[in-house]
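Visitor: Here it is, the structure in full.
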2 protein chains.
Amino acid sequence: MTAINMLRLDSSSADFNAQLKQRLAWDASEDLEIHKRVLDIIADVRQRGDAALIDYTNRFDHTHFNTGTELELSKAVLQQAWDSLPADQAQALQTAADRVRAYAEHQKLQSWQFTEADGSLLGQKVTPLDRAGLYVPGGKAAYPSSVLMNAIPAKVAGVGELIMVVPTPRGETNAMVLAAAYIAGVDRVFTIGGAQAVAALAYGTETVPAVDKIVGPGNIYVATAKKLVFGQVGIDMIAGPSEILIICDGQTNPDWIAMDLFSQAEHDENAQSILISNSGEFLNQVEISINKLLPEMERADIIRASMTGRGAFIKVANLSEAAEVANRIAPEHLELSVADPEALCAQIRNAGAIFMGRYTAEALGDYCAGPNHVLPTSSTARYSSPLGVYDFQKRSSLINCSAKGASELGKVASVLARGEGLTAHARSAEFRI
Amino acid sequence: MTAINMLRLDSSSADFNAQLKQRLAWDASEDLEIHKRVLDIIADVRQRGDAALIDYTNRFDHTHFNTGTELELSKAVLQQAWDSLPADQAQALQTAADRVRAYAEHQKLQSWQFTEADGSLLGQKVTPLDRAGLYVPGGKAAYPSSVLMNAIPAKVAGVGELIMVVPTPRGETNAMVLAAAYIAGVDRVFTIGGAQAVAALAYGTETVPAVDKIVGPGNIYVATAKKLVFGQVGIDMIAGPSEILIICDGQTNPDWIAMDLFSQAEHDENAQSILISNSGEFLNQVEISINKLLPEMERADIIRASMTGRGAFIKVANLSEAAEVANRIAPEHLELSVADPEALCAQIRNAGAIFMGRYTAEALGDYCAGPNHVLPTSSTARYSSPLGVYDFQKRSSLINCSAKGASELGKVASVLARGEGLTAHARSAEFRI
């Protein structure tokens with residue numbers, strides 16, 4: 001095996017910003033051919049409902065469904081999956097679910113209102129979505145942790161009905177995925193996937209009820225379908241490749257850091273693992289650890305491609321500079337593997353999730369620490385947030401004017417409305433003066 | 001003038017759902033030619049920066065700018081606009097700004113954290129966006145209220161720098177718009193508009209700094225540009241035509257209700273004004289009021305087109321049924337013009353803003369009640385919310401495991417990671433056991 005030579009950047013070099021920008025660049029341009037095929041599938045499902053949904057499912061998933069009702073998995077099937085799990089898996093799944101739920105409970109928004117001196121009431125009413133849809137990829141690469149992370153915040157928010165879709169290629173189901181759906185409290189499960197499943201959730205068919213929002217990861221067809229039905233329903237973010245950024249002061253075991261970098265790199269050849277340190281010598285040590293540990297890894301080829309193609313080691317003068325580079329990158333996962341993570345955290349503005357201290361491996365957050373593992377990628381942490389209970393709640397403004405309040409506000413509204421040339425607005429307000 | 005005959009629907013008729021669906025239908029399909037022209041403008045501004053921005057601005061806005069610096073309006077110009085306002089307008093604007101700010105203060109999210117028994121810390125850190133952009137339409141149809149509604153939540157959130165863009169066709173500025181920017185605390189103002197302004201905000205030029213999120217209304221070019229730069233930056237919603245839904249028990253002055261319907265209808269021929277009542281006789285009275293008041297209205301032609309083309313009167317059996325129809329419509333603005341608005345409000349799940357009681361004209365909310373007037377349209381209130389402080393804040397998850405916590409969680413993560421075939425994840429966790 002040839003050794004991995006990590007790309008080295010130095011924040012003191014004149015072209016550092018340009019080099020960093022180039023390394024971070026990610027082309028998420030759309031494939032127009034896929035776009036067109038997905039549009040056709042959506043239109044067909046809208047028009048023919050179950051018939052189209054069954055056709056596409058049988059064709060793409062090599063299944064043999066005849067009627068809509070065959071697409072649904074009963075609660076008994078889910079419970080059976082749960083009951084069949086080995087004890088260690090069941091316990092791990094339950095612990096993870098309990099912790100994700102406990103953290104999510106902290107995120108619940110509450111309605112509020114206040115009354116003004118003249119008796120007028122102002123407020124904000126928070127309600128859960130009536131119905132949400134959860135897309136879960138099928139086959140071998142199914143992630144039960146993803147079911148927990150997407151389903152539990154919806155249930156904590158109080159969503160009326162949570163519908164999960166998961167394809168079953170050649171009839172194959174994943175017991176851990178179904179078990180996760182069971183303990184997360186998913187209400188109904190349909191064995192469909194791809195753009196046809198997204199279309200069914202967005203518009204409804206005779207069998208699948210239309211939802212208000214669709215969340216969950218999927219391949220390029222699923223992602224494209226979600227973009228195309230946005231507006232008809234809400235969607236969560238469209239995720240790019242996974243990323244980790246580690247800031248280390250050089251005092252953590254380099255093997256630990258190497259493995260933490262691997263844990264993102266093994267996801268995908270396009271995943272991005274970056275290490276920042278104020279110690280050039282430490283960067284050398286981690287590179288040695290990388291080459292020592294790589295041959296032991298089951299997914300060594302993916303890790304090698306990711307580290308070589310998209311990874312980087314960045315040397316900075318000090319940790320404050322490291323924080324500023326991190327803010328510019330706005331990573332999905334940020335590990336602060338330093339002596340005083342609280343102090344460094346105070347300097348961080350842009351990151352999906354922050355893993356503080358040498359013991360907090362990013363992988364703990366992927367599964368069971370409690371916070372969500374659905375996080376903003378590709379620098380979108382500059383303006384967006386982890387998936388949470390708030391994604392399944394909405395707010396309505398409340399205004400209840402007293403006669404006196406309406407009279408006073410009516411005068412103000414009248415002046416402003418006439419200033420904008422909207423005289424029906426003005427007269428509507430003036431009627432109440 | 002021929003009389004307006006409102007479309008009548010009755011919830012007891014067999015095809016009510018289909019008829020309602022048809023009346024609500026709104027084709028927001030994209031114009032591919034506009035799409036292509038906007039893509040070209042964005043690419044050109046990305047590549048040529050200020051030079052392209054100035055070219056497009058001079059061409060589309062009939063201006064004569066030569067350098068980037070000429071595009072910026074100084075703070076002195078804004079203050080001059082404020083100082084030049086007639087007293088009644090200045091006072092109305094200040095009252096509106098104060099009330100919008102006071103309401104927004106209630107929306108601020110706070111960071112939180114908690115410590116577990118083993119010393120591990122979990123939390124959520126809330127930070128404002130570094131920089132936000134506010135698009136404001138120029139020319140005659142400029143709305144100072146819109147400046148307040150978009151700018152104030154951003155400033156309350158603590159956004160580092162708020163950049164406003166407003167085109168000045170033929171050099172024309174609107175004093176009320178600039179005055180509103182002044183009292184809302186906008187940091188910098190550039191006299192640019194259209195797709196070129198959106199591109200400049202998204203990618204930055206030599207003169208215009210790149211922002212993290214772009215908000216504010218605009219024409220089809222602006223809306224298309226916002227969609228196309230989404231991902232590079234965050235955006236607010238893409239608004240459809242304005243809507244009002246009024247539920248009335250038949251006891252409000254029919255002239256008031258007619259004028260409230262007009263106040264949406266005058267926005268735009270595609271605006272939608274719907275009245276629901278349990279009294280057919282009241283619907284007749286409101287129709288009489290409509291035809292009595294219409295000739296007095298300055299924007300009578302727009303109102304007539306909107307009421308005739310998209311309006312509706314819906315007869316229901318009782319107010320509970322009215323609430324269910326409202327939940328299905330999920331209107332932008334919902335007036336509950338009834339004796340007991342609290343009781344009816346408790347049945348409402350889907351609405352952007354709820355105006356309770358006979359005195360609370362929707363127009364008060366447009367200008368000065370306090371809650372935002374940027375609201376979800378086209379039934380998107382099923383899953384989205386008014387613009388608010390929360391749109392200018394983001395959350396980062398915090399995890400800081402103690403040695404003991406990492407050891408316990410590591411065991412759980414290891415089992416789940418191996419269940420998903422991700423062994424680098426497992427080993428990264430196991431290092432800390």
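The values are calculated or read from the model by the stated rules, or taken from the named source; none is laboratory data. Treat the numbers as computed from the prediction; the structure is a model and nothing was measured. Positions of Cβ are backbone-derived with ideal geometry, glycine not excepted, and every protein chain shown enters the neighbour counts. When the accessible area is computed, the model is the full protein with side chains, heavy atoms only, and any ligands, DNA or RNA have been set aside. Shrake-Rupley method; radii C 1.70, N 1.55, O 1.52, S 1.80 Å.
Visitor: Is it the case that the range A:120-127 has a residue that's open to solvent by 40 Å² or more (accessible area, probe 1.4 Å) and at pLDDT 95 or above?
Guide: The answer is no, given that none of the residues of the range A:120-127 is open to solvent by 40 Å² or more (accessible area, probe 1.4 Å) and at pLDDT 95 or above.
Visitor: Tell me whether the range B:240-251 contains one or more residues that are open to solvent by 30 Å² or more (accessible area, probe 1.4 Å) and part of a strand (DSSP E or B).
Guide: no
Visitor: Right, residue A:164: in contact (Cβ under 8 Å) with a residue 60 or more places away in the chain and among the aliphatic types (A, V, I, L, M) or not?
Guide: In short, no.
Visitor: Now, a different point. Among B:185, B:139, B:158, B:194, which is the only one that is modelled with pLDDT under 95, open to solvent by 10 Å² or more (accessible area, probe 1.4 Å) and at positive phi?
Guide: Matching residue, one of B:185, B:139, B:158, B:194: B:139.
Visitor: Of everything in the range B:308-332, what is assigned to a loop (DSSP other than H, G, I, E, B) and open to solvent by 60 Å² or more (accessible area, probe 1.4 Å)? Give them in sequence order.
Guide: Those that are assigned to a loop (DSSP other than H, G, I, E, B) and open to solvent by 60 Å² or more (accessible area, probe 1.4 Å): B:317, B:318.
Visitor: Given the options B:8, B:59, name the one that is in contact (Cβ under 8 Å) with a residue 12 or more places away in the chain and open to solvent by 40 Å² or more (accessible area, probe 1.4 Å).
Guide: B:8
Rundown of residues vs (1) in the same structural domain as residue A:313 (by TED's automatic domain parsing); (2) without any contact (Cβ under 8 Å) to a residue 24 or more places away in the chain; (3) open to solvent by 70 Å² or more (accessible area, probe 1.4 Å), yes/no style:
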| residue | (1), (2), (3) |
| --- | --- |
| A:27 | no, yes, yes |
| A:36 | no, yes, yes |
| A:41 | no, no, no |
| A:46 | no, no, yes |
| A:54 | no, yes, no |
| A:63 | no, no, no |
| A:70 | no, yes, yes |
| A:89 | no, no, no |
| A:93 | no, no, no |
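Results for (1) in the same structural domain as residue B:184 (by TED's automatic domain parsing); (2) among the acidic types (Asp, Glu); (3) in contact with a Gly (Cβ under 9 Å, 6 or more places away or on another chain); (4) under 30 Å from residue B:127 (Cα atoms), shown as yes or no for each residue.
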| residue | (1), (2), (3), (4) |
| --- | --- |
| B:345 | no, no, no, no |
| B:351 | no, no, no, yes |
| B:355 | no, no, yes, no |
| B:358 | no, no, no, no |
| B:365 | no, no, no, yes |
| B:376 | no, no, yes, yes |
| B:382 | no, no, yes, yes |
| B:385 | no, no, yes, yes |
| B:396 | no, no, yes, yes |
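Visitor: Among (1) aliphatic (A, V, I, L, M); (2) outside any strand (DSSP E or B); (3) farther than 30 Å from residue B:398 by Cα; (4) open to solvent by less than 20 Å² (accessible area, probe 1.4 Å), which single condition is residue A:117 missing?
Guide: (4)
Visitor: Right, here's the next one. Step by step: first the residues of the range A:325-348, then only those that are within 10 Å of chain B (Cβ to nearest Cβ), among the aliphatic types (A, V, I, L, M) and within 22 Å of the chain's Cα centre (by Cα), then the one that is farthest from residue A:248 (Cα to Cα). Which residue is that?
Guide: Looking at the filtered set, the residue picked out is A:330.
Visitor: Quick one: count up the residues across the range A:124-174 that are of a type in the set (Ser, Thr, Tyr) and closer than 25 Å to residue B:351 by Cα.
Guide: Counting residues in the range A:124-174 that are of a type in the set (Ser, Thr, Tyr) and closer than 25 Å to residue B:351 by Cα gives 1.
Visitor: Looking only at the range B:42-85, how many residues end up being within 14 Å of chain A (Cβ to nearest Cβ), more than 26 Å from the chain's Cα centre (by Cα) and closer than 30 Å to residue B:368 by Cβ?
Guide: Counting residues in the range B:42-85 that are within 14 Å of chain A (Cβ to nearest Cβ), more than 26 Å from the chain's Cα centre (by Cα) and closer than 30 Å to residue B:368 by Cβ gives 2.
Visitor: Limited to the range B:404-420, what total is found for residues that are open to solvent by 30 Å² or more (accessible area, probe 1.4 Å) and without any contact (Cβ under 8 Å) to a residue 12 or more places away in the chain?
Guide: 3
Visitor: Which residue is nearest to residue B:430 (Cα to Cα), if the candidates are limited to the range A:363-376 and must be more than 7 Å from chain B (Cβ to nearest Cβ) and open to solvent by less than 10 Å² (accessible area, probe 1.4 Å)?
Guide: A:375
Visitor: Mind listing just one residue for me: the one in the range B:100-114 that is part of a helix (DSSP H, G or I) and open to solvent by less than 50 Å² (accessible area, probe 1.4 Å) and, of those, farthest from residue B:401 (Cα to Cα)?
Guide: Only one residue tops the list, namely B:100.
Visitor: To continue, here is another question. Could you pull out the residue among B:305, B:351, B:300 that is open to solvent by less than 40 Å² (accessible area, probe 1.4 Å), among the small types (Gly, Ala, Ser) and at the interface with chain A (Cβ under 7 Å from one of its Cβ atoms)?
Guide: Checking each option against the conditions leaves just B:351.
Visitor: When you scan the range B:267-294, how many residues do you find that are surrounded by fewer than 24 Cβ atoms within 10 Å (Cβ to Cβ), under 16 Å from residue A:427 (Cβ atoms) and without any contact (Cβ under 8 Å) to a residue 40 or more places away in the chain?
Guide: Final tally of qualifying residues: 4.
Visitor: Here are the criteria: (1) over 30 Å from residue B:103 (Cα atoms); (2) more than 8 Å from every other protein chain (Cβ to nearest Cβ); (3) acidic (Asp, Glu). Tell me which single one residue A:88 does not satisfy.
Guide: Of (1) over 30 Å from residue B:103 (Cα atoms); (2) more than 8 Å from every other protein chain (Cβ to nearest Cβ); (3) acidic (Asp, Glu), only one is false for residue A:88: (2).
Conditions tested, residue by residue: (1) away from chain A (no Cβ under 14 Å); (2) more than 20 Å from the chain's Cα centre (by Cα); (3) in contact (Cβ under 8 Å) with a residue 60 or more places away in the chain.
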residue	(1), (2), (3)
B:179	no, yes, yes
B:185	yes, no, no
B:190	yes, yes, yes
B:202	no, no, yes
B:205	yes, yes, yes
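Visitor: Among the residues that make up the range A:252-262, is at least one of them at pLDDT 95 or above, within 14 Å of another protein chain (Cβ to nearest Cβ), open to solvent by less than 20 Å² (accessible area, probe 1.4 Å) and part of a loop (DSSP other than H, G, I, E, B)?
Guide: Checked the range A:252-262: at least one residue is at pLDDT 95 or above, within 14 Å of another protein chain (Cβ to nearest Cβ), open to solvent by less than 20 Å² (accessible area, probe 1.4 Å) and part of a loop (DSSP other than H, G, I, E, B).
Visitor: Okay, next question. Which residue, of B:432, B:427, B:358, is more than 7 Å from chain A (Cβ to nearest Cβ), among the basic types (Lys, Arg) and more than 22 Å from residue A:157 (Cβ to Cβ)?
Guide: Checking each option against the conditions leaves just B:358.
Visitor: Filter the helices (runs of 4 or more DSSP H) completely within the range B:1-93 down to those with at least 2 residues that are within 20 Å of residue B:171 (Cβ to Cβ).
Guide: B:50-61, B:75-84
Visitor: Ok, one more. Please find, among A:384, A:396, the residue that is at the interface with chain B (Cβ under 7 Å from one of its Cβ atoms), in contact (Cβ under 8 Å) with a residue 60 or more places away in the chain and part of a strand (DSSP E or B).
Guide: A:396
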